[in-house]
1. Treating only the Cβ of Lys, Arg, Asp and Glu as charged (+1, +1, -1, -1), what charge dipole size does region B:26-127 show about its Cα centre? Round to the nearest 20 debye.
2. Could you go through region B:243-260 in sequence order and give the Karplus-derived ³J(HN,Hα) for each residue, using 6.51 cos²θ - 1.76 cosθ + 1.60 with θ = phi - 60°, rounded to whole Hz, and x for Gly and Pro?
3. Kindly put B:Arg139, B:Arg300, B:Arg310 in sequence by how many other C-beta atoms sit within 10 Å of each C-beta, fewest to most.
4. Can you give the calculated 222 nm mean residue ellipticity of chain B, where each DSSP H run of n ≥ 4 adds -39,500 (n - 2.57) and the sum is split over every residue, rounded to the nearest 500 deg cm²/dmol?
5. Please compute the average number of Cβ atoms from other chains found within 10 Å of each residue's Cβ in peptide A:50-59.
6. If you consider only alpha-carbon coordinates, what radius of gyration and Dmax does region A:197-257 have, in Å?
7. Averaged over all directions, how much area does the convex hull of the C-alpha atoms of chain B cover when projected, in nm²?
8. Given a cut-off of under 8 Å on Cα pairs at least six residues apart, what relative contact order in percent is computed for region A:78-284?
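All of the numbers you see were taken from the coordinates with simple rules; none came from a lab. Treat the numbers as computed from the prediction; the structure is a model and nothing was measured. Here the Cβ positions follow ideal geometry from the backbone for every residue, glycine too, while neighbour counts run over all protein chains shown.
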Amino acid sequence: MADVMTHKDPFFTPRRRRQLVSVLLAALSAIWVYPLVWMIFASFKPNSELFSNPGMIPDAPTVENYVRAWREANISTYFFNTLFVTVGSVVITSIASALMGYVLGRRPVPGRFAIMGLMVFTLFIPQGYTIIPVFELLTKLGLGQSLWGLMLATCGHSIVVFTLLFAGYFTQMPKELEEACRMDGVGPVKTFVYVMLPLAKPIIVTVVVMQSLQAWNDFLLPLVITLANPAMRTLSVGIYSFKGENFVDWGGMTAASTIAIVPIILLFLFLQRYFIDGLAGAVKG
Amino acid sequence: MSSVTLKSVTKSYGQTEVIRGVDIEIEKGEFCVFVGPSGCGKSTLLRMIAGLEDITSGDVAIGGRRVNELDPAQRGTAMVFQSYALYPHMTVERNMGFGLLMNGEPKAKVKAKVDEAARILQIEQLLDRKPRQLSGGQRQRVAIGRAIVRDPAVFLFDEPLSNLDAELRVATRLELAKLHSQLDGATMIYVTHDQVEAMTLADKIVVLRGGYVEQVGAPLDLYNNPANLFVAGFIGSPRMNLIAVKDGKLPDGTALPAAAAGAGHIGLRPDALAPDAGGILSGVITVVERLGDADFVYFRTPWGQELTTRFAPGTAGGAGDAIRLGVTGKMHVFDSNGQAIPA
């Protein structure tokens, strides 16, 4: 009898435990993603229904909000402004941080640690402190009122982090690869372009995703730079303008927000595998 | 192919001298092996010939041309690295042709060279694969192939077999020996810490220790006539029995033959000893290794030293047995400074 008792299946078999954990995690994810999904559904509701029907599913779905946002609220212009700034800053940031990271990670640079220390120090300065000098710099360069200036300034946010990511990754690469290139008579530039850079693909993808997110969602910097010139606004600033003095166009705002997040979600879906590789690699290193 | 000459070559890292005045002459087409324990400077020396390390003083000449100031690619050498250093993101074909392509060689010519090297190394079917899809031995071949396509005057090998398992190491060793003759006797310099590799591959062995050359010579020369205690102990497996002697007597007082007069040490290879009831060496067996073709017997002498001898298969006793051995082969004699005294 005692023998039978000890062989009774426990209620929490590993399989059941896994199922239970999955259900709990799914519930948590649903709560987490609810505001986002609500916003997307709300963008299909007319303004009149937004507060009368707080549920998720619209009674009378309409794309009117999208039409209004795209045409009347200039979201189309803002969308392409943002695209321009984002793509440009991603290109500049990726190239610059890869080059700097390579030099800091692999070349005998005098004062390397001092340079890196200074770079890390800048991470602790809040953006608000630097925004006026940055604006002034851009004005002096004659870029104060242009998207080029905004693009350049947007590069500055995370370039330190990206440079350190690249430096950390390049440090781990075996020195024999470069030596093999030297034996083959391949110069430093070609070594970087054809050997080192392709091997740093996970980091490149990480930088592309993170900088895209940053540039796409940035608010304070574009707000300050485009204050005097509404035609240069980016999406995040443009969306803010749905909030008028007496009336907030919530329908237009949700539609514009949905337009704004779609490209970023698509980008992440395409690159998520490499992105996670890159971050995991950086932690492992 | 070219000769390689090193004259009074030194290398220092700050105050630390790692190569202390090395003179080596490597003939055209020779297979020269640098051998020595870890940290003896053999890899550094190879890298200095390759141009990957600066030369602190002295001259390195390849084919009669001083190359101290030349870039690695201009020295006419090709190197096979211990880790192979294949470019992980490129196919085998691209790995082998990369250097030539980057230097502006026409694609068709590079392809022909790569195909020829692949044929010699029998890796034609691997050309489209990436290095991670290859076994250790295959990667090794690709690394050698990358050296062959450059058509170098001198091949440099930095411990190329140390990442392979024992069986593959023996097989690849044979392949390398064949390759040397197949490449019309190309000049090859090979670094290893394994004296068996050195003995089997080399035309000439350079034994290094602590940044000095201890001895240079043909494998059997070094085996039969080691110049000093270090070489005597390093070359040969199992290693030579080296016994400290005084006034022509063993530590237990047994008198030695007249040849050992004035010696500081005598050296006896394991196969130079045989059971002999009137022999000069006695001891108690501690371990017997039966290899099938021979029995290696480790025995402890009355003065507590462990020595080795070789018996015909199945003829050795067991641990704990007492044995007495006489000298049947050559007795090497070294003076008190460890230098060989010619017989």
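1. Numbers: 12 positive and 12 negative charges, 41 e Å.
For this selection, approximately 200 debye.
2. Each residue of region B:243-260 in turn: 10, 6, 10, 9, 6, x, 10, 5, x, 8, x, 5, 6, 9, x, 4, 4, 8 Hz.
3. On the way: B:Arg139 22, B:Arg300 14, B:Arg310 18.
If I rank by nearby Cβ atoms, fewest first, I get B:Arg300, B:Arg310, B:Arg139.
4. Working: 8 runs with 85 residues, N = 343.
Counting only the DSSP helices, I get -7500 deg cm²/dmol.
5. Numbers: counts 0, 0, 0, 0, 0, 0, 0, 0, 0, 0.
Averaged over the peptide's residues, the number is 0.
6. Considering region A:197-257 through its Cα atoms, Rg and Dmax are 16.0, 55 Å.
7. On the way: hull surface 81.4 nm².
Approximately 20.3 nm², given one-decimal rounding.
8. 32 percent
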